[in-house]
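Each remark here refers to the structure printed beneath this line.
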Amino acid sequence: MNLFEYEGKQLMGRFDIPVPQSHLLTSADAPAPMDLPFVLKAQVMTGGRGKAGGVKICRTEDEYTRCAQDILHMTIKGHPVHGLLAEEMLKPEREFYLSITLQGVSTPTLIVSAMGGMDIEQVSREHPEEILKLEIDPFTGLKDYQKRQIAQALQAVDKADVYILLDKLQTAFFSTGALLVEINPLGLVDGRLIAMDSKFVLDDHAASAADLCRQLEEGRSGLYRYATSEKEATTITYVPLEGNVAMISDGAGTGMLTLDLLHDAGLSVSSFCELGGMTTPEVMYRAMELTLQNHPYISAVIVVLIGGFNRMDNMAKGLTDYCREHNITVPVFCRMCGTMQEEGIRIMHEHGMTTFDDLTETVAAVAAAIKEG
């Protein structure tokens, strides 16, 4: 379950992680909730809101009235804005990046960088030496020597403050059943470390997160233009991310390998979709729907299929039916092998779609197409 910024900051507050003073607004007609000036931030389930005009400084009542109307009625990357977070203006002397993640890794991993406020993937590409990654033992937490390394990476910040924040952050991560807790930027304001932004992803399959997820969903009932997502009736697991390459695989192991290969090729994934169980044409169709519906910034789709119990002809039928009915122009690259693969490949080729036998070759074709496009 992906959390809105305001929800993430509310959770951080529960664990005594410092956050700016803020107020959630669900109506553009609400009076200014705090003294001007303040920042008005779109509450939306996608990144890039700042570049899209979803974050504005309001210095006067007129600016607030205008910005509230404009932002609340925006749609950013296909996602409607569901609320406004009015937040006190803070001027950090420095900005850092700090997160703990279980996404794409087998062990909880802390990531820290002195280059906060930037896309961490951009920092990884352009300044890899500025990123420190440390695995966390889920039974013992961060070791003392690891905390010292992190404090050293956050130069000129009081070590004791860093240690306190790290303890609070890992407690928040493990006790909520999180897959990701990200603070970017983590600001140094008047000598204090403050979470200027928040990104929380909870594992809604984890027993430890069940009650919290239900409470959060119930708390969203008053948001603007918000509708509770219907529970997925298939075996599909779908995780939205923020890149431009959508990925569908018929198994978690295959999916993780594909993610690694895409990352090594310098590609950024927009979503992870794992089919799970027996895959009918309807399940494959639904996977394409989840992956492509309302996602206009996808540059390519990679579909990785290995047929044991599942039949390649069924998967090909669901995939081609969706592309035909929705007039899909985004290039789809499919690695297909296993049961009924000859018929599956025939169906794909009949619809003008290319298939591959080798996964590495498939990833290379995706990378080449994006580079050319």
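Apply the a/c threshold of 1.5 to the C-alpha gyration tensor of the stretch 301-371 and tell me whether it is rounded, prolate or oblate. Since a/c reaches 1.5 but b/c is at least a/b, the shape of the stretch 301-371 is classed as oblate.
Calculated accessible area for the stretch 1-101 comes out at 44 Å² per residue, all protein chains present (probe 1.4 Å; ligands, DNA, RNA ignored). Seen against the Cα atoms of the chain and their longest principal axis, helix 61-72 is set at about 20 degrees. Separation of the stretch 234-263 from the stretch 150-164 is 35 Å, based on Cα centroids. Relative contact order of the chain: 13 percent, from C-alpha pairs under 8 Å at least 6 residues apart in sequence.
Heavy-atom accessible area for V181, with the other protein chains in place and a 1.4 Å probe, reaches approximately 0 Å². Surface composition of the chain: carbon plus sulfur atoms contribute 50% of the solvent-accessible area (1.4 Å probe, protein chains only, all chains present).
Taken about its Cα centre, the stretch 250-321 carries a charge dipole of roughly 100 debye when the Cβ of each Lys and Arg holds +1 and the Cβ of each Asp and Glu holds -1. Evaluated with a Cβ-only charge set (Lys, Arg +1; Asp, Glu -1), the chain carries a dipole of roughly 380 debye about its Cα centre, given to the nearest 20. A cut-off under 14 angstrom between Cβ atoms defines the neighbours of D161, and their net charge, with Lys, Arg +1 and Asp, Glu -1, is +1. Think of each Lys and Arg Cβ as +1 and each Asp and Glu Cβ as -1; about the Cα centre, that makes the dipole of the stretch 131-266 roughly 360 debye. The trypsin sites (Lys or Arg not before Pro) of the stretch 99-148 meeting both criteria, a DSSP state outside H, G, I, E and B (loop) and at most 14 other C-beta atoms within 10 angstrom of the site's C-beta, are K143.
Within the chain, the ratio Rg/Rh, alpha carbon atoms throughout and Rh by Kirkwood, equals 0.99.
Counting only alpha carbon atoms, the long axis of helix 341-350 and the longest principal axis of the chain meet at about 80°. If you wrap the stretch 228-373 in the convex hull of its Cα atoms and look at it from every side, the mean projected area works out to 8.0 nm². Could you list, in their original order, any pairs among K133/K317; K91/K159; K51/K159; K199/K317 whose Cα atoms are separated by more than 31 Å? With Cα atoms farther than 31 Å apart: K133/K317; K51/K159; K199/K317. With all protein chains kept in place, the per residue accessible area of the stretch 192-351 amounts to 48 square angstrom at a probe of 1.4 angstrom. Averaging the Cα positions of each part gives two centres, and for the stretch 55-93 and the stretch 320-373 these lie 41 Å apart.
Between 0 and 90 degrees, the angle of helix 207-219 with respect to the longest Cα principal axis of the chain falls at about 70 degrees. In this simple spin-label approximation, V189 and S27 carry label points 7 Å from Cα along the Cα→Cβ vector, and these lie 2.8 nm apart.
The values are calculated or read from the model by the stated rules, or taken from the named source; none is laboratory data. Since we're looking at a predicted model, the values are computed, not measured. Note: ideal-geometry Cβ built from the backbone for every residue, glycine included; neighbour counts use all protein chains shown. Each accessible area value is taken on the protein alone, full model and side chains, heavy atoms only, with ligands, DNA and RNA left out. Shrake-Rupley method; radii C 1.70, N 1.55, O 1.52, S 1.80 Å.
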